[in-house]
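Just so it is clear, none of the values below were taken in a lab; they were calculated from the coordinates. Keep in mind that this is a model prediction, so the values were computed, not measured. Note that each Cβ is placed from the backbone with ideal geometry, even for glycine, and that neighbours are counted across all protein chains shown.
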Amino acid sequence: MSTDPTAFVLAHDEGEALWFFGTLALVRLPSEGTGLCLVEQFAPRGMATPLHRQPDDAETFYVLEGEATFHAGGTTRTVGPGGTVHVPAGVEHAFRVDAEPSRILVLTTAQHEAFFRAAGEPAQDRVLPPAGPPDMAKVEAAASRYGVEILGPPPF
């Protein structure tokens, strides 16, 4: 990680776009130079992550639009716009999108940004990816490489 601070600005239509686990993930703050990553995820209703944890990476979710149910550390709660969920490193968690359209900001680390990239693919357009299940073999390989432990199916 660079220690030289570098300012940058991204317009709403700039930055890396990924298709990740059924979502359109826009990297709003790349981790290079900061160690933190800010991703805006556009997700369809019904998208749900498996129960998982990252022993070394915390995640904070901020719901901009829509509604999602989060399961973290044994607690399940539905949050809408303005709701924040923080998951410390090592805590098991999952979320399900309950309303469409939904937009969620995710603040995480450089390592987790690398996981998004390895488990996803460059978006062809800034739209949701074609419908269909995620390539779990690709997700599991990326998870193993970047410190994500998949514990089981969504707990919903």
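A few comments on the model shown:
- Evaluated with a Cβ-only charge set (Lys, Arg +1; Asp, Glu -1), the range 17-152 carries a dipole of roughly 100 debye about its Cα centre, given to the nearest 20.
- GluC sites (Glu not before Pro) restricted to the range 23-115 and DSSP loop, no more than 15 other C-beta within 10 Å: Glu32
- Net charge over other residues, Cβ less than 12 angstrom from the Cβ of Pro88 (K, R count +1; D, E count -1): -3
- In the range 104-151 the Cα-Cα distances spread across 10 Å bins starting at 0 as 23, 50, 26, 0 percent of all pairs.
- Counted charge near Ile150, where neighbours are those whose Cβ lies closer than 11 Å (Asp, Glu -1; Lys, Arg +1): -2
- Charge context of Arg28, other residues only, Cβ under 10 angstrom, K/R +1, D/E -1: -3
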